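What follows is a set of notes on a single structure, which appears directly below.
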Amino acid sequence: MRSQATALRSKDLLGIEQLTPEEISLILDTAEGFREVSERPIKKVPTLRGQLVINLFMEASTRTRVSFEIAEKRLSADTLNFSASGSSVEKGETLIDTAENLMAMQPDMIVIRHKHPGSPKMLADLLPASIINAGDGAHEHPTQALLDAFTIRERLGRLSGVNVSIIGDIAHSRVVRSNIHLLTKMKANVTLASPPTLMPAEIEKMGVRVVHSLDEALEGADVVMMLRIQLERQSKMTFPSLREYFNTFGLTPERLRRANGGAIVMHPGPMNRGVEISSDVADGPCSVILDQVTNGVAVRMAVLYLLAGGHLQES
Amino acid sequence: MRSQATALRSKDLLGIEQLTPEEISLILDTAEGFREVSERPIKKVPTLRGQLVINLFMEASTRTRVSFEIAEKRLSADTLNFSASGSSVEKGETLIDTAENLMAMQPDMIVIRHKHPGSPKMLADLLPASIINAGDGAHEHPTQALLDAFTIRERLGRLSGVNVSIIGDIAHSRVVRSNIHLLTKMKANVTLASPPTLMPAEIEKMGVRVVHSLDEALEGADVVMMLRIQLERQSKMTFPSLREYFNTFGLTPERLRRANGGAIVMHPGPMNRGVEISSDVADGPCSVILDQVTNGVAVRMAVLYLLAGGHLQES
Amino acid sequence: MRSQATALRSKDLLGIEQLTPEEISLILDTAEGFREVSERPIKKVPTLRGQLVINLFMEASTRTRVSFEIAEKRLSADTLNFSASGSSVEKGETLIDTAENLMAMQPDMIVIRHKHPGSPKMLADLLPASIINAGDGAHEHPTQALLDAFTIRERLGRLSGVNVSIIGDIAHSRVVRSNIHLLTKMKANVTLASPPTLMPAEIEKMGVRVVHSLDEALEGADVVMMLRIQLERQSKMTFPSLREYFNTFGLTPERLRRANGGAIVMHPGPMNRGVEISSDVADGPCSVILDQVTNGVAVRMAVLYLLAGGHLQES
């Protein structure tokens, strides 16, 4: 399916939940063009020259912050990094005051990561700048789901009808929520597996199948998406030990044989090797984990470009 | 009054104390031109292209650091951020050695914030680069006073004869010292009010009026400038409680009625809502607090531009 | 000796040990051209426009990180700073996973500082990007040795036959290892002096002379290179007190008289004034310590330029 939309309806990207299938396809198609820019000797286009993007990261992040910053620079935007430490946030300023102050400096876009679900929406309602959600608590992480979809489409040629199994810490994962929204909208079949303590109640209402073992999840999968055990987000251990977790839900080459031929293995990173995934699989022939990272830059360039386009037309 | 000066006399901006009224007007007039740049779709001019500005922030800061960095980028300068943490300052290097080392890398300008009063002057005497004081202890914060003056002039059309009341923690505030210098030079009438423990002795010698209650200060004011209670700068609490402070010196809509019609309310931020100012006032129709932030970028562009001009003529 | 090489053989700069004398001369000659760029009003050339350089600093650093960043910006590269704090490294990610993730975002070069000797080589073997070692444990710090050599050549006109005495904490210094490799390759005569506890066994095998007192080392020296007492790298004090160290190995104007006429004094910084060097010497007429910093930018521009050239030819 090629995109029939020519622009995004919103000035913001708050989540996958608000996007139509046509908008998702538009972002993925646009990202294909930008994927090529990163292969050139001069990896830069003048698209966002003179535009200011503020990266407002109130939670630690490596790849997402770096990936956005690279995407912004490849589009020739001016970028400004703002993190909680060493800022007036430490002096007790509220997020709204911080945001209104940043807005008063007239940025064109704000990329925000924040531990509280809904913070990006709060900013989007308040500020004229385009807001991009780079992860809000356990709510959404839309650019991660888009880069995952881009990678699946690149490898398998389509999203519709693909069997995607997502395994691990479902309860604490914004990645899985965004992926469920995206994959079900694009008519992929989603299966979830996790220890019972890490599976939210009534998640089936989101249009997914829930199974109770790794083997069951792998059976017939075209895509195996392993989630990070978010130790830092759990107030207490919800399973007996990391070793026990690996024995039950860790992906090994042997177990992976239950998946369909040509199945790909994904992980949003950073990986806990030997916990949710063995190194043999992470570095093995089925792994597309580093492709995901590469595609992340292209997808973020596409999002920035499309939102700026909408924004420029408005003004 | 329009400016009759055409350049700044010094290579540095260390404080308002050293500026003439003509120089102040020159900076404010120049800022008006740059205010317009930030309204364009391409918010950038090539003025400082190829010039290197180092932002040397030895104290935590949000809006000032970000505001300078945006100003520098809008002028197309290369910017480099340097903060105390993770640096050789932690290995015990002196400020002079740090500064001489940075200077050896041939920056054109250094923006410095430091807890010790006089640090910017020490660097200015030592180094050929232009030094801009972004706040030195409780001494001066000249660009804050300039953006405040820009905002008053923009709203009230003049500085001369305007009644400005500054209320709050006078003793610990570099903002108030720079504002007193600027406003008295420009022939505004300055009134100060604070709890007795937060009012420096003999401050009247600076040409200001001291009153002892908020109501007295508000009576007849055209501009009401509320100061942040700098809890982090006080070694111990100098008033019984924050609630008591708010009851005595906190600005509410009711109290504000004592000010003149058309009076504006200012705050250098970050605000302690419910301590020195109620949210009703902060977000109300008289508040120009976010205008101050917007104007800060324009004023800093003007300062950078004028100092670079002087500097380029020298070399 | 002018360079006869026209390119570097490796895509990486891991250490001086792997360079030929011709390559060293090529870098120094190239740096002379870039030294001039930093004297221009517009201190910028478009050489690396559209190239992405990641500064991966896993250890605290001032001058090296800043010097590289300025060099990158003067060459018009896009730069991205990545440090350990606030990153997925804190979530337990391995260096290889971090590096592979960064590589997936297709940088052209990675400048790395890391506490583990050999980390740059590990990345260089794994990644197609050019890797520049900005200091790996007590192993090598090649750009420091190159800027030292540039400074000696600039002041004394040659490296061959020059008597260089290096004094201080030999055992913990990557700077001294890189300098020994460079200076012996370029046929300078190297003398080392330190307290016995700070002198590695069998270091004479590297082609240097070891003496046991400061006076002996200074006798006949053309270049006196004082090393920082790396207090942060020593697990325990290896000499009785800092005062005792200064009395025995600290450089004073009186002691310096034993050196040859026209001798120069160097220090890689940051200095411990009153420990390894007196302020009279550090700020005196023989000191070239700030020249070293200035030359550091030019040398790093040369390294970036030459590695990018090799890299561009490959692709």
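The values are calculated or read from the model by the stated rules, or taken from the named source; none is laboratory data. Just so it is clear, the structure is predicted and the values come from calculations on it, not from any experiment. When we count neighbours, we look across all protein chains shown, and the Cβ atoms used for this are built from the backbone with ideal geometry, even at glycine. Accessible surface areas use protein heavy atoms only, side chains included; no ligands, DNA or RNA. Shrake-Rupley method; radii C 1.70, N 1.55, O 1.52, S 1.80 Å.
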Yes or no: residue A:68 out of contact with any Leu (no Cβ under 6 Å at 6 or more places or on another chain), of a type in the set (Phe, Trp, Tyr) and at pLDDT 95 or above?
yes
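So that you can scan it fast, the table gives a plain yes or no per residue for (1) at pLDDT below 95; (2) in contact with a Pro (Cβ under 6 Å, 6 or more places away or on another chain); (3) open to solvent by 40 Å² or more (accessible area, probe 1.4 Å):
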position: C:4; (1), (2), (3): yes, no, yes
position: C:14; (1), (2), (3): no, yes, no
position: C:30; (1), (2), (3): no, no, no
position: C:52; (1), (2), (3): no, yes, no
position: C:59; (1), (2), (3): yes, no, yes
So which residues in the range A:178-201 are open to solvent by 30 Å² or more (accessible area, probe 1.4 Å) and touching a Lys or Arg at 6+ places or on another chain (Cβ under 8 Å)?
A:189
Going through the range B:38-69 in order, the residues found to be in contact with a Phe, Trp or Tyr (Cβ under 9 Å, 6 or more places away or on another chain) and among the basic types (Lys, Arg) are B:65
Kindly establish whether residue C:146 is buried (at least 23 other Cβ atoms within 10 Å of the Cβ) and more than 28 Å from residue B:92 (Cβ to Cβ).
no
What is the number of the single condition among (1) more than 10 Å from chain A (Cβ to nearest Cβ); (2) open to solvent by 10 Å² or more (accessible area, probe 1.4 Å) that residue C:129 does not meet?
(2)
Looking at residue C:138 and the list (1) touching a strand residue (DSSP E or B) at 6+ places or on another chain (Cβ under 9 Å); (2) open to solvent by 20 Å² or more (accessible area, probe 1.4 Å); (3) more than 8 Å from chain A (Cβ to nearest Cβ); (4) over 24 Å from residue A:37 (Cα atoms), which single condition is not satisfied?
(1)
Which of (1) open to solvent by 10 Å² or more (accessible area, probe 1.4 Å); (2) modelled with pLDDT of 95 or more; (3) out of contact with any strand residue (DSSP E or B) (no Cβ under 7 Å at 6 or more places or on another chain) is the odd one out, the single condition residue C:279 does not satisfy?
(3)
For the range C:250-281, which positions are in contact (Cβ under 8 Å) with a residue 60 or more places away in the chain and either under 22 Å from the mean Cα position of the chain (by Cα) or within 14 Å of chain B (Cβ to nearest Cβ) (or both)?
C:251, C:264, C:266, C:268, C:269, C:270, C:276
Among the helices (runs of 4 or more DSSP H) contained in the range A:5-121, which hold 2 or more residues that are of a type in the set (Gly, Ala, Ser) and more than 8 Å from every other protein chain (Cβ to nearest Cβ)?
A:21-37
Sort out which residues of the range A:34-59 are in contact (Cβ under 8 Å) with a residue 12 or more places away in the chain, more than 24 Å from residue A:136 (Cα to Cα) and touching a helix residue (DSSP H, G or I) at 6+ places or on another chain (Cβ under 7 Å), and write them in order of number.
A:34, A:35, A:37, A:38, A:43, A:44, A:45, A:47, A:48, A:51
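Matching residues to (1) of a type in the set (Gly, Ala, Ser); (2) over 28 Å from residue C:61 (Cα atoms):
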residue: C:151; (1), (2): no, no
residue: C:158; (1), (2): no, yes
residue: C:161; (1), (2): yes, yes
residue: C:170; (1), (2): no, no
residue: C:177; (1), (2): no, no
residue: C:216; (1), (2): no, yes
residue: C:222; (1), (2): no, yes
Members of the range C:254-293 found to be β-branched (Val, Ile, Thr), assigned to a helix (DSSP H, G or I) and farther than 21 Å from residue C:149 by Cβ, listed by number
C:281
From the option list B:80, B:75, B:146, B:102, single residue qualifying as on the phi < 0 side of the Ramachandran plot and within 19 Å of the chain's Cα centre (by Cα) is B:146
Check whether at least one residue in the range A:74-84 is hydroxyl-bearing (Ser, Thr, Tyr), surrounded by fewer than 24 Cβ atoms within 10 Å (Cβ to Cβ) and over 21 Å from residue A:11 (Cβ atoms), and report yes or no.
yes
Have a look at A:124, A:134 and point out the one that is in contact with a Leu (Cβ under 8 Å, 6 or more places away or on another chain) and within 25 Å of residue B:41 (Cβ to Cβ).
A:124
Just checking, how many residues over the range C:225-248 are over 27 Å from residue C:153 (Cβ atoms) and modelled with pLDDT of 95 or more?
0
Mind listing whichever residues of the range C:114-126 are open to solvent by 10 Å² or more (accessible area, probe 1.4 Å) and of a type outside the set (Gly, Ala, Ser)?
C:114, C:115, C:116, C:117, C:121, C:122, C:125, C:126
Scan the range C:282-315 for residues that are charged (D, E, K, R), modelled with pLDDT of 95 or more and more than 17 Å from the chain's Cα centre (by Cα) and jot them down.
C:283
Selected residue [hydrophobic (A, V, I, L, M, F, W, C) and within 30 Å of residue A:270 (Cβ to Cβ)] from C:66, C:45:
C:66
